[in-house]
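Student: First the structure, which I've put down as structure tokens, then a few questions once you've had a look.
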Amino acid sequence: MQHALPSQVREQIEREFPADFLTVDPSDLAEYGRDYTRVFAAAPSAIALPRTTDEVSRLLRLCNAAGVSVVPSGGRTGLAGGAVAKQGELVLSLSRMRRMDPVDLLGSTLRVQAGAVTEAVHQHCAEHGLTWPVDFASKGSSQVGGNIATNAGGVKVIRYGLTRQWVLGLQVVTANGDVLELNGALEKNNTGLDLRQLFIGSEGILGIITEATLKLTRLPAKQSVLLFAVPDVAAVLKLFREARSTAFTIAAYEFFTDRCLARVQRHRRLRTPFAASHPCYVLLELENADDDKLEAWIATLFDRGLIDDGTLAQNSSQAAELWQLREGISESLSATGLPHKNDIALPVAALEAFCAELDAVFGSNYPDWEIALFGHIGDGNLHVNIMKPDALDKTEFLQRTSHADHAIFKLVQKHHGSISAEHGIGLLKKPYLAYSRTPQEIALLQMVKRVLDPKNLLNPGKVIDL
């Protein structure tokens, strides 16, 4: 693999593309060469910044002919090393491709370029009473193309499902520069294999997503946000079963531990609505709930001892403050220490048994580690964060966490879960893929990769090896 962009390729790009198309500025190389994982050193040869699908197509055709490896780059908010260029690859950033077309009010769809920022899409649709219901803490910097390429989850999967449910059509450029238009704005299209779904969640190893037609839904008329304090993870799950048994429409059911909250308060100086500290917290968002019925339900939770404390946001400002306690966790963990992150998924019915066994593993083998646990309980997604002890060398810490990962993933495998719920495999999780995928499945993934990218030039080394 090349460690510098071949001179003839660079000269051709300079001749055939705009003057600001390519950058080799050291600060740009460092910025665009890695994602939020912060584990791998960035070492790209150059950064390409196209504005159109045609420019992406011509660039990939050129790179394919010259054997130049390409790493696609979106908002770089991933946590699996999926957007890292560490061996001289050319980074193809979609950051300039931010066009958003007018909302199709009749079809409730929106066509955007892949670099459109998630929050900007929300704002673009909100004035029409619509939304693209893909939502997460990084919405202010994550991009639509990256969301689709990783089939991103987020905080409202329990209500709306994964990203793939909200993508009607894709425009994709293959490794040889061909442009594919897949499904357009069709709701129904029964003409054989749905190739659109092949690229959703493929992490850029099969093609580059340049545009997408998004499916929209109505914004809820009213949202109720509540924060509960409970004694342990078992109580979190018990409360979830209780919430699901009601007639309320659950938009989000998030949980975090006191260790997560302590890091958020240390970093962001946010206030908690409770006078005392509690082991676990649940953030619940409901859509269009009747106030009287909601307050009566909360009273029964206190009466039956299902919660230790609780509060209901009285306005949108208070609701935003409660959400900040949850959405500030990932940033705060990284700002106040070195976290080793795991993003796992379990069948919801297996969560209680898994969490009990996970506690036993850490209690027996890693009793001195600070474990910050949070997640989207409603869809079985847990984020297990191990914080590096101050006295432990970083290299030794990463070695020890590698051993711990095997123990965690054995439990995940035992309970028929996934080693990656929403951040993909990338580089970080590739050594552990066999815990979630059989040899036959991995062989099939390799076959698909060879068909679409026979030279192994698109995001090489990610997800699988050839």
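Student: Only helices (runs of 4 or more DSSP H) wholly contained in region 301-367 count here; list those with 2 or more residues that are touching a residue at least 60 places away in the same chain (Cβ under 8 Å), in contact with a strand residue (DSSP E or B) (Cβ under 6 Å, 6 or more places away or on another chain) and at negative phi.
Tutor: 316-327, 329-336
Student: Counting just the residues of region 34-46 that are under 23 Å from the mean Cα position of the chain (by Cα) and of a type in the set (A, V, I, L, M), which one comes out farthest from Ser93 (Cα to Cα)?
Tutor: The extreme case among them is Val39.
Student: Given the residues Gly201, Gly207, which is the only one that is under 30 Å from Ala353 (Cα atoms), in the same structural domain as Val134 (by TED's automatic domain parsing) and not acidic (Asp, Glu)?
Tutor: Gly201
Student: Can you tell me which of Leu5, Leu59, Leu92 is surrounded by 19 or more Cβ atoms within 10 Å (Cβ to Cβ) and under 27 Å from the mean Cα position of the chain (by Cα)?
Tutor: After ruling out the rest, the residue left standing is Leu92.
Student: Which of the following residues is among the aliphatic types (A, V, I, L, M), closer than 30 Å to Val451 by Cβ and in contact with a helix residue (DSSP H, G or I) (Cβ under 7 Å, 6 or more places away or on another chain): Ile208, Ile250?
Tutor: Ile208
Student: Filter region 443-459 for residues that are in a loop (DSSP other than H, G, I, E, B) and more than 20 Å from the chain's Cα centre (by Cα) and give the result.
Tutor: Hits for region 443-459 are Asp453, Pro454, Lys455, Asn456, Leu457.
Student: If you go through region 21-49 one residue at a time, how many are in contact with a Leu (Cβ under 7 Å, 6 or more places away or on another chain), of a type outside the set (S, T, N, Q) and under 18 Å from Glu11 (Cβ atoms)?
Tutor: The total comes to 4.
Student: What residue, among those in region 413-442 that are touching a strand residue (DSSP E or B) at 6+ places or on another chain (Cβ under 7 Å) and assigned to a loop (DSSP other than H, G, I, E, B), is nearest to Leu79 (Cα to Cα)?
Tutor: Filtering region 413-442 for residues that are touching a strand residue (DSSP E or B) at 6+ places or on another chain (Cβ under 7 Å) and assigned to a loop (DSSP other than H, G, I, E, B), the one nearest to Leu79 (Cα to Cα) comes out as His423.
Student: Looking at Leu59, Leu92, which is the one that is at pLDDT 95 or above, assigned to a helix (DSSP H, G or I), touching a strand residue (DSSP E or B) at 6+ places or on another chain (Cβ under 8 Å) and not assigned by TED's automatic domain parsing to the domain that holds His423?
Tutor: Just a single option satisfies the conditions, and that option is Leu59.
Student: While we're looking at this one, here's another question. Which of the strands (runs of 3 or more DSSP E) found entirely inside region 143-239 contain at least 2 residues meeting this: modelled with pLDDT of 95 or more and under 30 Å from Leu60 (Cα atoms)?
Tutor: 167-173, 179-182, 208-215
Quick grid of which residues meet (1) surrounded by 24 or more Cβ atoms within 10 Å (Cβ to Cβ); (2) farther than 22 Å from Asp465 by Cβ:
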site: Gly82; (1), (2): yes, no
site: Met97; (1), (2): yes, yes
site: Asp101; (1), (2): no, yes
site: Val112; (1), (2): no, yes
site: His122; (1), (2): no, yes
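Student: Which pairs have Cβ atoms under 9 Å, sit 6 or more apart or on different chains, and link a residue in region 148-169 that is assigned by TED's automatic domain parsing to the domain that holds Leu195 to one that is of a type in the set (Lys, Arg) and in a helix (DSSP H, G or I)?
Tutor: If the second residue must be of a type in the set (Lys, Arg) and in a helix (DSSP H, G or I), the pairs left are Ile148/Arg164; Asn151/Arg164; Gly154/Lys139; Val155/Arg326; Arg164/Arg196; Val167/Arg196; Leu168/Arg196; Gly169/Arg196.
Student: For region 240-286, how many residues meet the condition of being among the polar types (S, T, N, Q) and within 23 Å of the chain's Cα centre (by Cα)?
Tutor: Residues flagged as among the polar types (S, T, N, Q) and within 23 Å of the chain's Cα centre (by Cα) within region 240-286 amount to 1.
Student: Does Ala175 satisfy being over 24 Å from Val117 (Cβ atoms) and of a type in the set (A, V, I, L, M, F, W, C)?
Tutor: yes
Student: Do we find that Lys455 is touching a residue at least 60 places away in the same chain (Cβ under 8 Å), more than 30 Å from Arg241 (Cβ to Cβ), surrounded by 14 or more Cβ atoms within 10 Å (Cβ to Cβ) and out of contact with any Gly (no Cβ under 9 Å at 6 or more places or on another chain) in this structure?
Tutor: Considered against the rule, which asks whether it is touching a residue at least 60 places away in the same chain (Cβ under 8 Å), more than 30 Å from Arg241 (Cβ to Cβ), surrounded by 14 or more Cβ atoms within 10 Å (Cβ to Cβ) and out of contact with any Gly (no Cβ under 9 Å at 6 or more places or on another chain), Lys455 comes out as no.
Student: Can I ask one more? Considering only region 62-85, state which residues are under 21 Å from the mean Cα position of the chain (by Cα) and part of a loop (DSSP other than H, G, I, E, B).
Tutor: Hits for region 62-85 are Gly74, Gly75, Arg76, Thr77, Gly78, Leu79, Ala80, Gly81, Gly82, Ala83, Val84, Ala85.
Student: Restricting the search to region 240-255, which residues are assigned to a loop (DSSP other than H, G, I, E, B) and either surrounded by 21 or more Cβ atoms within 10 Å (Cβ to Cβ) or in contact with a strand residue (DSSP E or B) (Cβ under 6 Å, 6 or more places away or on another chain) (or both)?
Tutor: Hit for region 240-255 is Phe248, nothing else.
Student: Do the conditions hold for Phe21, that is, is it touching a helix residue (DSSP H, G or I) at 6+ places or on another chain (Cβ under 7 Å), assigned by TED's automatic domain parsing to the domain that holds Glu55, in contact (Cβ under 8 Å) with a residue 12 or more places away in the chain and surrounded by fewer than 19 Cβ atoms within 10 Å (Cβ to Cβ)?
Tutor: yes
The values are calculated or read from the model by the stated rules, or taken from the named source; none is laboratory data. Computed from a predicted model, the values in this text were never measured in an experiment. With ideal geometry, Cβ positions are generated from the backbone for all residues, glycine too; neighbour counts draw on all protein chains shown.
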